[in-house]
Amino acid sequence: MSQTALAPPSVESARAQTRRRDVFVPSSDRHESTLRRLRRRLSWPLGIYTTPVAILIGWEALARIGILEPTYAPAPSDIVSTGVTLFRDGVLGPDLSISLQRAAIGLAIGLSVGIVTGVLGGFLRSGENLFNGVAQILNTVPLLAILPLMIVWFGIDELTKVLLIAFGAGVPMYLNLFASIRGVDQRLIEMARTTGAGKWRQISRVVVPGALPGFLVGLRFSLAYSILGLVAAETVNADEGLGFLITQAQTYLQTNKVFVGLVVYSILGLLADQIVRILERVLLRWRPGYEAT
């Protein structure tokens, strides 16, 4: 038998066969998939927001029939009304703007430091020895525990607040990026090397795509911890921002305003999660994932 007959099919022919298989999907399978998606949509009409909306509806009902005291847990409709009033009075808008500015600056600093150190630690043994021990130690230090020390070092000005947010964002980014780079399958790198790919091509075509899911996980944690850092920074010695609004409302027992601040923080967290979800759909289209039933 000739070598031509033994030659494996080319990559292009394999892709063509895959496309043909994808095109000719049996109609029964397509119908079953459509029914499955329809049942899932009817079971969870709002997706991941079905449970929060159900909680809000139950909360509203309990508040309206008098089971929940307005002093401790006002109705969600009253909280929304208070938020609209604060925005119209020019109170909520400026405080939200200041908080977003602090969060953006701190997040930019934290992500920059976390990405640079994570890449160095992931690719270089000397980088791992230099940064990994410090990052593991800082990962166990709560934000509220380091806040008094930052006040002693930097005072109660904006620098302390921004650095606390940066601290919350930088550490999880380093840890996840370092782990994702080191977790790339070595066999894929060896395969790329045997095909003649240079160092840069190995990094750009194998390591970067392989580490991208871990990077997005780190981004999700960084966004979440930056909001936690914002909460911790603004509730101590702040004279503007959402934390200041909550502190002032607590002083005067204005529970509605406290809940308004908490709701805004929650919305920021949901928006951050949605941003990462969009990035995952765009950047990880090449990677098929587990589809829950």
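The values are calculated or read from the model by the stated rules, or taken from the named source; none is laboratory data. From a predicted model like this one, the values you see are computed outputs, not experimental measurements. Cβ: placed from backbone, ideal geometry, glycine included. Neighbour counts: every protein chain shown. Each accessible area value is taken on the protein alone, full model and side chains, heavy atoms only, with ligands, DNA and RNA left out. Shrake-Rupley method; radii C 1.70, N 1.55, O 1.52, S 1.80 Å.
One table, with the values for the structure above:
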{"item": "Residues of the stretch 152-162 classified as out of contact with any Leu (no Cβ under 9 Å at 6 or more places or on another chain) and open to solvent by less than 50 Å² (accessible area, probe 1.4 Å), total", "result": "2"}
{"item": "Yes/no for residue 214 being assigned to a helix (DSSP H, G or I) and either open to solvent by 30 Å² or more (accessible area, probe 1.4 Å) or not acidic (Asp, Glu) (or both)", "result": "yes"}
{"item": "Residue in the stretch 219-239 that is over 22 Å from residue 105 (Cα atoms), assigned to a helix (DSSP H, G or I) and open to solvent by 20 Å² or more (accessible area, probe 1.4 Å) present", "result": "no"}
{"item": "Enumeration of residues in the stretch 142-151 that are open to solvent by 50 Å² or more (accessible area, probe 1.4 Å) and within 19 Å of residue 222 (Cα to Cα)", "result": "142, 144, 145"}
{"item": "Meets criteria (at pLDDT 95 or above and either in contact with a strand residue (DSSP E or B) (Cβ under 6 Å, 6 or more places away or on another chain) or of a type outside the set (Asp, Glu) (or both)) for residue 97", "result": "no"}
{"item": "Verdict on residue 206 being in a helix (DSSP H, G or I), open to solvent by less than 50 Å² (accessible area, probe 1.4 Å) and more than 28 Å from residue 55 (Cα to Cα)", "result": "yes"}
{"item": "Top-ranked residue of the stretch 88-138 - restricted to ones that are charged (D, E, K, R), assigned to a helix (DSSP H, G or I) and open to solvent by 70 Å² or more (accessible area, probe 1.4 Å), ranked as nearest to residue 217 (Cα to Cα)", "result": "125"}
{"item": "Filter pass, residue 53 being surrounded by fewer than 16 Cβ atoms within 10 Å (Cβ to Cβ), modelled with pLDDT of 90 or more and assigned to a helix (DSSP H, G or I)", "result": "no"}
{"item": "Output for the stretch 206-231, where each listed residue is among the aliphatic types (A, V, I, L, M) and either within 10 Å of the chain's Cα centre (by Cα) or at pLDDT below 85 (or both)", "result": "216, 217, 219, 223, 224"}
{"item": "Every residue from the stretch 170-198 that is buried (at least 16 other Cβ atoms within 10 Å of the Cβ) and among the hydroxyl-bearing types (Ser, Thr, Tyr)", "result": "174, 180"}
{"item": "Filter pass, residue 84 being among the aliphatic types (A, V, I, L, M), closer than 30 Å to residue 204 by Cα and either in a helix (DSSP H, G or I) or open to solvent by 30 Å² or more (accessible area, probe 1.4 Å) (or both)", "result": "no"}
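Here is a yes/no grid of residues against (1) within 24 Å of residue 142 (Cα to Cα); (2) of a type in the set (D, E, K, R):
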| site | (1), (2) |
| --- | --- |
| 215 | yes, no |
| 222 | yes, no |
| 285 | no, yes |
| 288 | no, no |
